[in-house]
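Enquirer: Handing you a structure now.
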Amino acid sequence: MAESLEKLHNRILSDAKLKAAGIVEHAESKSRQVLDEAQAQAQRDANDILSRASLEAESIRRSILSSRIRANRLRILEEKNKIVQNVLKSVEQSLSDIAGSDQFESTLKRFVAEAVEAVGTDNAIVKIGFRNAERKSLHSLEQSLPKGTKFLADETAIDELGGVIASDAGGKMIFNNSFRARLERLDNQLLTIISSTIFGE
Amino acid sequence: METEAQAKQIVEEAKSRAQEILAHASEQAQEVRQTSTTEAERRRVQMLRETRDKAEADARSSDVETDSLLENYKKLFENRKDAAVKKAVELVLGA
């Protein structure tokens with residue numbers, strides 16, 4: 001009887017120990033799982049932080065560089081424009097002084113011929129105005145004009161720089177061959193020739 | 001009765017130990033995540049600082065390059081202005 005009781009006693013304790021070991025083992029297993037999941041989640045969080053940081057860094061880089069590069073491009077454009085405008089001013093000065101040069105008479109005759117041809121009438125009115133133009137140059141031109149052409153010499157330079165304006169008798173057809181008008185008509189070609197000569201572009 | 005109480009105590013102690021294991025695991029998990037986040041934040045700050053420094057260096061380099069280009073334009077202008085004016089005048093005159 002006593003032996004049987006001893007066996008039961010041992011059996012109860014053995015079962016309890018087995019159950020206890022199971023409980024601890026389960027807890028340890030659960031613990032490993034929690035740690036594994038935490039590490040995986042930590043890695044995902046870190047990747048997320050670094051991924052967002054990478055985008056943030058690119059945005060900062062663009063913000064710093066693009067504004068500076070834009071400002072520098074603007075400086076370059078402004079300088080080029082300043083140079084081209086400076087050249088154009090000198091061109092205007094040369095043109096307004098042409099009456100004193102040996103090119104004057106041939107240029108005047110060519111401008112008049114172009115203007116008269118553009119108007120396309122036998123009774124054209126030709127108005128001429130250059131700064132410091134000598135009367136004799138203008139009169140020599142007058143003699144070379146086609147018959148029927150009316151000649152008007154202006155004391156002042158036409159469109160400030162000088163030039164020729166031809167029209168028909170009714171004033172309906174007008175061709176402005178002043179330096180200013182030619183500068184405007186040749187605008188693109190002038191910019192190209194000035195840029196290519198100065199900047200080699 | 002004494003044996004049952006003893007057995008119950010063994011199981012209760014195991015449960016208590018299990019609670020401790022899980023609590024410790026939870027603390028460790030929290031620590032792992034905290035450490036990882038702190039390290040990632042440190043690397044983020046470093047990355048942003050390095051990017052900013054590099055971008056500012058590149059921007060300064062762009063300024064220097066532009067200054068040099070503008071200086072070159074001024075020299076080109078001085079050397080080639082007369083030729084450009086001559087060509088432009090010839091174009092306008094149609095000579």
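Enquirer: Once you've got the Cα coordinates, tell me which of A:Lys127/B:Lys81; A:Lys80/B:Lys81; A:Lys89/B:Lys86; B:Lys54/B:Lys75; A:Lys127/A:Lys147 are over 22 Å apart.
Expert: A:Lys127/B:Lys81; B:Lys54/B:Lys75
Enquirer: Have a look at the DSSP beta bridges in chain A and tell me what percent are antiparallel, nearest 5.
Expert: Antiparallel bridges: around 65 percent, rounded to the nearest 5.
Enquirer: Computed from the mean reciprocal separation of all distinct C-alpha pairs, what Kirkwood hydrodynamic radius does region A:9-63 have, in Å?
Expert: 15.0 Å
Enquirer: Per the Cauchy relation, a quarter of the hull surface: what is the mean projected area of the convex hull of the alpha carbons in region A:34-191, in nm²? Present the calculation step by step, with values, prior to reporting the outcome.
Expert: On the way: hull surface 62.2 nm².
Answer in nm², one decimal: 15.5.
Enquirer: Now for a separate question. With n ≥ 4 as the cut-off for DSSP H runs, can you work out [θ] at 222 nm for chain A, using -39500 (n - 2.57) per run divided by the number of residues, rounded to the nearest 500?
Expert: Helix-only estimate at 222 nm: -25000 deg cm²/dmol.
Enquirer: So how much accessible area does B:His24 have, in Å² to the nearest 10, using a 1.4 Å probe?
Expert: So the heavy atoms of B:His24 present about 100 Å² to solvent.
Enquirer: Right, something else. Please state, rounded to one decimal and in Å, the Kirkwood hydrodynamic radius that chain B gives when every pair of distinct Cα atoms enters the mean of 1/r.
Expert: 21.7 Å
Enquirer: Considering only protein heavy atoms and a 1.4 Å probe, what is the carbon-and-sulfur percentage of the accessible area of region A:1-109?
Expert: 51 percent
Enquirer: Relative to the first principal axis of the alpha-carbon coordinates of chain A, what is the inclination of helix A:2-96, with its axis defined by its Cα atoms, in degrees from 0 to 90 and to the nearest 10?
Expert: The angle comes out at about 10 degrees.
Enquirer: Find the centroid of the Cα atoms in region A:35-49 and in region A:128-201, then give the distance between the two in whole Å.
Expert: With region A:35-49 and region A:128-201 each reduced to a Cα centre, they are spaced 81 Å.
Enquirer: Under a 1.4 Å probe, what is the accessible area of the protein assembly as shown per residue, stated in Å²? List each step's numbers first, then the result.
Expert: Values: 18860 Å² over 296 residues.
Counting only protein heavy atoms, the per-residue value for the protein assembly as shown is 64 Å².
Enquirer: Using a cut-off of 9 Å between beta-carbons, work out the net charge of the residues near B:Leu70 (Lys and Arg +1, Asp and Glu -1, B:Leu70 not included). Mind dumping the intermediate values first?
Expert: Numbers: positive: A:Arg75, B:Lys74; negative: A:Glu79, B:Asp67, B:Glu71.
Combined, the nearby Lys, Arg, Asp and Glu give -1.
Enquirer: Here's another thing I want to ask about it. Put one equal scatterer on each alpha carbon of the protein assembly as shown, apply the Debye formula with no solvent term, and list log10 I(q)/I(0) at q = 0.10, 0.15 1/Å to two decimals.
Expert: Computed log10 I(q)/I(0) values: -0.79, -1.10.
Enquirer: Could you work out the relative contact order of region A:28-175? I mean the mean sequence separation of Cα pairs under 8 Å and 6+ apart, divided by the number of residues, in percent.
Expert: Reported as a whole number, the value is 23 percent.
Enquirer: Under the definition of partner shielding as Cβ atoms of other protein chains within 10 Å of a residue Cβ, what is the mean value for peptide A:180-192?
Expert: 2
Enquirer: Could you compute the net charge surrounding A:Gly162? Neighbours are other residues with a C-beta less than 11 Å from the C-beta of A:Gly162; K and R count +1, D and E count -1. Numbers along the way, then the final one.
Expert: Values: positive: A:Arg131, A:Arg180, A:Arg182; negative: A:Glu92, A:Asp97, A:Asp154, A:Asp159, A:Glu160.
Computed value for this residue: -2.
Enquirer: Between A:Asn10 and B:Arg17, what is the FRET efficiency for a Förster distance of 25 Å, r being their Cβ-Cβ separation, to the nearest 0.05?
Expert: Details: r = 23 Å, r/R0 = 0.90.
That pair, A:Asn10 with B:Arg17, gives E of 0.65.
Enquirer: Taking the radius of gyration and the Kirkwood hydrodynamic radius from Cα positions alone, what is the Rg/Rh ratio for region A:1-107, to two decimal places?
Expert: That ratio equals 1.92.
Enquirer: Related question: With each run of n ≥ 4 DSSP H residues scored as -39500 (n - 2.57), what mean residue ellipticity at 222 nm is computed for chain B after dividing by its residue count and rounding to the nearest 500 deg cm²/dmol?
Expert: Helix-only estimate at 222 nm: -37000 deg cm²/dmol.
The values are calculated or read from the model by the stated rules, or taken from the named source; none is laboratory data. Keep in mind that what you see is a predicted model, and the values were worked out from it rather than measured. Positions of Cβ are backbone-derived with ideal geometry, glycine not excepted, and every protein chain shown enters the neighbour counts. The accessibility values were calculated without ligands, DNA or RNA, using every heavy atom of the protein model including side chains. Shrake-Rupley method; radii C 1.70, N 1.55, O 1.52, S 1.80 Å.
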